[in-house]
Amino acid sequence: MGRMLAIEISPRMIRAVEYTPGERPVRIHRAALTERPGGEPAAVGQFLRGFLERNGFTAKSAVVGYLGPVIEHRIFAIPPVTGKTREELLRGKIAQETATSVAEMRVTGEVVGKVVEQGYERDEVMTLYLPEFEIRRLVFLLVEAGLTPVRVVSIPLALAGLHPADATDELCGFLHVEPSRCVISVSAVGKLRFSREFALELPGRAAEGAEEPTYKNIDFGGAADATLPAPPSGEEVHAERLVTELTRSLLYFRQISRGGSITRLYWSGDPPGEAAKRLISERLKFNIGAHPAAAVAVFDGEGAFDAATFGVPVGMAAEEWGADRVNLLPVEYLQRKERRGSYIAVAVILAVFLLANAGLYMGLRNAEERYRDVLGGAAAVTRSIAASPEEISRWVARRSALAEISRGEKTLENPFTRWTPLFATLGAPVPSEMRFLSATFTPASPSEVGPHAGRGEVRGIVSGKTPAEVQNRVNAFLAAVRAQPVVGEPEYTVFEVRPRGDDGGGYEQEFLLGFALRER
């Protein structure tokens, strides 16, 4: 399998690693980071393209961890459903909590646990949502950089997958620090349970524009040699703000989780300063542990590599992202990739089928010529000399074998070009309201004796404004298929008629059409 990229994109930083998927521990070949420039997505995309080329990155497929100011994380309890039904239920929950229209939101989620409510078991779904235009800007940026995004998730979700294997019964905190903001997340057995983002001032800039404190007319109780306390440094102000917000976040998590508290704290992103480590140790009683990214990754590139600094890309690379996991990519983008893969699979299957038939046909032709030569030689010998009964029996057996092979050859001589009108009917007249999910064409075996050359099945979905309009479109398609001379005994089955999931309304019907293929 080829190499892939795992990229962390935040408002101020870009971190990237190149790795080989499927290996455990993850083998990191290259790693690099840079400050993200300001500007429109096109300009940032061109900058990212140049940055990757300068650092020797060659992979084009990428999984992305994204830190944005508008990504929300919520856990909702819903019935155990999947796919579009789950998304619709989540959109209904979100509509109750936000004033923004859910139609303008990208909503996705994954199951993180089970809960029983009023005697019914429900799924706990970690739901991520953000404005659709924000994720489209990110996709445009990646395409401008010459990359093909495979999956986009939030940074808290990427870090939660690094939950240590020896902490299955513990809650772990992952603190990710950027130059201007932080995000604290809590994971349980590798599942994200809580996330909160807060802004921070850069060290040394907390007091920019502020006046220096003055101490005029202050009575120090007659102590002529009294000294003023030194003002805190920028790093101390930064650490104080960070620890204060971190404490507030953990107290809020304890409240909403009914007493839950973390037992380990890991730091990724910008390395911690001494002031921050001291305050965390004194107030929260935590020692920042070695980041678990170091245990799941092996670096074989050049230069130094700090797993904690690249914790998010390593977490993206190490996690096994299944179909039911979070993916913030736009729905239309995912559907386009799925359709492209289906077209390629159908083309490959048809090509293999044609090549197999051509090879079999040529083999039978070759065998026929050889047997005719043998029989011709046998006939010449029979005419020149008196044949023994044994030889005559062998010749008769060979002739019988030749006759059987000839019959098999004629059975396999399916006039495939006569199916061209059928494929044209299944492809060209299909409007945008109809799409195929699968098409299967199975030729008859040479040993099967019958009037048909094989069997075909087509499964598809037709959409329309009303169920009647949907049925009319299906009927028109069925009539076109029945009109083909190579189609016999059509069988039409309706799987489901359901409302469409998009905002356009209407209905769609999923159906299966099976039919026999005949030579004439």
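Annotations for the structure displayed:
- Matching residues, the range 66-84, being open to solvent by 60 Å² or more (accessible area, probe 1.4 Å), at pLDDT 90 or above and farther than 21 Å from Leu157 by Cα: Pro80
- Among all residues of the range 121-137, there is at least one that is over 24 Å from the mean Cα position of the chain (by Cα), at pLDDT 90 or above and open to solvent by 50 Å² or more (accessible area, probe 1.4 Å).
- Of all residues in the range 11-53, those being open to solvent by 70 Å² or more (accessible area, probe 1.4 Å) and either aliphatic (A, V, I, L, M) or part of a helix (DSSP H, G or I) (or both) number 4.
- For the range 54-66, filtering for residues that are under 19 Å from Phe299 (Cβ atoms), under 23 Å from the mean Cα position of the chain (by Cα) and part of a loop (DSSP other than H, G, I, E, B) leaves 3.
- Filtered residues of the range 119-176 (kept if over 17 Å from Gly45 (Cβ atoms), assigned to a strand (DSSP E or B) and not hydrophobic (A, V, I, L, M, F, W, C)): Tyr120, Glu121, Arg122, Asp123, Glu124, Thr127, Tyr129, Pro131, Arg151, Ser154, Gly173, His176
- Ala275 passes every criterion in (1) in a loop (DSSP other than H, G, I, E, B); (2) surrounded by 18 or more Cβ atoms within 10 Å (Cβ to Cβ) apart from (1).
- Taking every residue in the range 164-178 that is more than 17 Å from Val314 (Cα to Cα) and open to solvent by 20 Å² or more (accessible area, probe 1.4 Å) and pairing it with any residue that is among the hydroxyl-bearing types (Ser, Thr, Tyr) and in a loop (DSSP other than H, G, I, E, B), at least 6 positions away or on another chain, the pairs with Cβ-Cβ distances below 8 Å are Glu170/Thr263; Leu171/Ser261; Leu171/Thr263.
- Residue among Pro164, Pro179 that is over 17 Å from the mean Cα position of the chain (by Cα), modelled with pLDDT of 90 or more and closer than 27 Å to Thr244 by Cα: Pro164
- Boolean, Val64 is touching a Leu at 6+ places or on another chain (Cβ under 8 Å), of a type in the set (A, V, I, L, M) and under 28 Å from Ala199 (Cβ atoms): yes
- Check on Phe198, within 30 Å of Met126 (Cβ to Cβ), at pLDDT 95 or above and in a strand (DSSP E or B): no
- Odd one out for Ala145, checked against (1) closer than 22 Å to Arg24 by Cα; (2) touching a Leu at 6+ places or on another chain (Cβ under 6 Å): (1)
- Of the residues making up the range 87-104, those that are under 16 Å from Val125 (Cβ atoms) and either open to solvent by 30 Å² or more (accessible area, probe 1.4 Å) or at pLDDT below 90 (or both) number 10.
The values are calculated or read from the model by the stated rules, or taken from the named source; none is laboratory data. Predicted, not measured: the structure shown is a model, and the values here were computed from it. Glycine also receives a Cβ, built like all others from the backbone with ideal geometry; neighbour counts cover every protein chain displayed. Ligands, DNA and RNA are stripped out before the accessible areas are found, and what is left, the full protein with its side chains, is counted by its heavy atoms. Shrake-Rupley method; radii C 1.70, N 1.55, O 1.52, S 1.80 Å.
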